[in-house]
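Peer 1: Handing you this structure, nothing more for now.
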Protein chains: 2
Amino acid sequence: MATRVALKASAARPDLTSVLEDKGYRVTGPRLNIIRLLGKKNEGFSAEEINYALPGVGRATVFRTLKLLLGANVICKLTTRDGGVKYSLARVEHHHHTVCVKCGTVGDFRDVTIERLLRTLGDEIQGQIVGHRIEVDVVCPSCQKASRN
Amino acid sequence: MATRVALKASAARPDLTSVLEDKGYRVTGPRLNIIRLLGKKNEGFSAEEINYALPGVGRATVFRTLKLLLGANVICKLTTRDGGVKYSLARVEHHHHTVCVKCGTVGDFRDVTIERLLRTLGDEIQGQIVGHRIEVDVVCPSCQKASRN
DNA sequence: CAGGGCTATGAGACGTAGTATCATTAGTGT
DNA sequence: ACACTAATGATACTACGTCTCATAGCCCTG
């Protein structure tokens, strides 16, 4: 059945637990705790952050749950310029990220042109394209403002 | 005087040691060994690989030298789909990478349109763009051929 | 060419991100 | 209520790096 709700940015978030149910995973205490925490975070977050915020939940479980959500395309993982790792809620189906190099805030963007471009790039690229990662480093508006002082 | 030679793919590679000299770093034995090894590799390589190939050179030195070369834009670092890390020689000034999801071979491509596109994306992106990472996952021609059997 | 000074090195401890193992616990279907 | 299985936490381990520190090696100056 699995009515997959079309995610709309900043609309009332469909509760993420349904994602687990849909995939046949159990909805357990630790998972709920993690998911609830993520629901509150609008910016990127690290695994350690969650681990710290939920002392009752084991580190392994945090990573396991993140992996699960990653597989369900509910969150996504990104690499910052300095090689760090961040996770972020996936608000829209397919998108890319901006990461502020000053404060680390993660933003989303989607530009169909990029997808199209990558497809047409097939000529220039040897082989068959099966995926891609695009991350844009930015200085976010508030950091720009701050540095102007 | 640092005559910066325009790098051309598969042309006789200008010896990478000049990069060290240009930046005021010493051209030492371990560095030479690493650089010579890189010169032979046309595909991506990992730090561990170099470490293994040069038993006389310490692991820290391998990483230190890679960092040095990274800073000199002689090599670049990329993340594969599975979260692994690869380094690759930077043949052209600014470019992006294709990584074969089967065999891990790294290729380069450069498409000016992407740079232009990212610039014009400024409207859609909050903040000022200061950099980006683009990685394209592919199935390379030889792996395609192999799987057709 | 001897000496001094600074750079680079290797060994190994340490840090961070994540996975594997394994005994225990907790959902779930009947 | 019970048994079956999935999930959990603790902990060890791996990958990829960085930090520290004592030692070695360049290289400049006298």
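The values are calculated or read from the model by the stated rules, or taken from the named source; none is laboratory data. Not measured: the values here are computed from a predicted model. When we count neighbours, we look across all protein chains shown, and the Cβ atoms used for this are built from the backbone with ideal geometry, even at glycine. Accessible surface areas use protein heavy atoms only, side chains included; no ligands, DNA or RNA. Shrake-Rupley method; radii C 1.70, N 1.55, O 1.52, S 1.80 Å.
Peer 1: Which whole-Hz ³J(HN,Hα) couplings does segment A:52-63 yield from phi under the Karplus relation 6.51 cos²θ - 1.76 cosθ + 1.60, θ = phi - 60°, glycine and proline marked x?
Peer 2: With the stated coefficients, segment A:52-63 comes to 6, 6, 10, x, x, 9, x, 4, 4, 5, 4, 5 Hz.
Peer 1: Explain nothing, just the number: dipole magnitude of the protein assembly as shown about its Cα centre with +1 on each Lys and Arg Cβ and -1 on each Asp and Glu Cβ, in debye rounded to the nearest 20.
Peer 2: Working: 46 positive and 30 negative charges, 109 e Å.
Its charge dipole is roughly 520 debye.
Peer 1: Also: Ignoring ligands, DNA and RNA, what accessible area per residue does the protein assembly as shown give at 1.4 Å, in Å²?
Peer 2: Counting only protein heavy atoms, the per-residue value for the protein assembly as shown is 58 Å².
Peer 1: Now for a separate question. Tell me which residues come under 5 Å, amide H to amide H, from B:ASP108 once H is placed; ignore anything under 5 positions away on its chain.
Peer 2: Under 5 Å from the amide H of B:ASP108 lie the amide H atoms of B:THR98, each far enough along the sequence or on another chain.
Peer 1: Along Cα→Cβ at 7 Å, what distances in nm separate the A:GLY104 label point from those on the other copies, shortest first?
Peer 2: Taking the point 7 Å beyond Cα along Cα→Cβ, the inter-copy spacings are 3.0 nm.
Peer 1: For a 22 Å ceiling on Cα separation, which of these pairs sit above it: B:LYS41/B:LYS86; A:LYS77/B:LYS40; A:LYS23/A:LYS67; B:LYS23/B:LYS77? Please report the intermediate quantities before stating the final value.
Peer 2: Numbers: B:LYS41/B:LYS86 12 Å; A:LYS77/B:LYS40 34 Å; A:LYS23/A:LYS67 13 Å; B:LYS23/B:LYS77 20 Å.
With Cα atoms farther than 22 Å apart: A:LYS77/B:LYS40.
Peer 1: When only Cα pairs under 8 Å and 6 or more residues apart are kept, what is the percent relative contact order across segment B:17-148? Please list the in-between numbers first.
Peer 2: Working: 133 pairs, mean separation 25.7, N = 132.
After rounding, I find 19 percent.
Peer 1: Taking N as the number of residues in chain B, what is its Cα Rg relative to 2.2 N^0.38 Å?
Peer 2: On the way: Rg = 17.2 Å, N = 149, 2.2 N^0.38 = 14.7 Å.
With N residues counted in chain B, Rg over 2.2 N^0.38 Å equals 1.17.
Peer 1: From the backbone phi of segment B:130-141, what are the Karplus-calculated ³J(HN,Hα) couplings (6.51 cos²θ - 1.76 cosθ + 1.60, θ = phi - 60°) in whole Hz, Gly and Pro given as x?
Peer 2: My calculation for segment B:130-141 gives 10, x, 6, 10, 10, 10, 10, 7, 9, 10, 6, x Hz in order.
Peer 1: Using the Karplus equation 6.51 cos²θ - 1.76 cosθ + 1.60 (θ = phi - 60°), what ³J(HN,Hα) coupling, rounded to whole Hz, does each residue of segment B:102-110 give in order, writing x for Gly and Pro?
Peer 2: 8, 9, x, 4, 9, x, 10, 8, 9
Peer 1: Additional query: Under 20 °C and 1.002 mPa s, how fast does the protein assembly as shown diffuse according to Stokes-Einstein, given a Kirkwood radius computed over C-alpha pairs? Answer in µm²/s, whole number. Before the final figure, lay out each step's value.
Peer 2: Working: Rh = 21.7 Å.
Estimated via Stokes-Einstein, D reaches 99 µm²/s.
Peer 1: State, to one decimal in nm and shortest first, how far the label point of B:VAL27 sits from each corresponding label point in the other identical copies (label point: 7 angstrom along Cα-to-Cβ).
Peer 2: 6.7
Peer 1: Sticking with this structure for a sec: Which net charge results for the neighbourhood of A:TYR25, defined as the other residues with beta-carbon distances under 12 angstrom from its beta-carbon, given Lys and Arg at +1 and Asp and Glu at -1? Display every interim value, and only then the final one.
Peer 2: Values: positive: A:LYS23, A:ARG26, A:ARG31, A:ARG64, A:LYS67; negative: A:GLU21, A:ASP22.
Value of the local net charge: +3.
Peer 1: Can you list, shortest first in nanometers, how far B:ALA53 lies from the same residue in the other copies, with each label 7 Å from Cα toward Cβ?
Peer 2: For B:ALA53, the inter-copy label distances come out at 4.4 nm.
Peer 1: So what is the 222 nm mean residue ellipticity for chain A from helices alone, if each DSSP H run of at least 4 adds -39500 (n - 2.57) and you divide by all residues, rounding to the nearest 500 deg cm²/dmol?
Peer 2: Values: 6 runs with 54 residues, N = 149.
Rounded to the nearest 500, the figure is -10000 deg cm²/dmol.
Peer 1: I've got another one for you. Please list, in chain and number order, the residues 5+ apart from B:THR80 or on another chain whose amide H is under 5 Å from its amide H, with Hs placed from the backbone.
Peer 2: For B:THR80, the qualifying residues are B:VAL85, B:LYS86.
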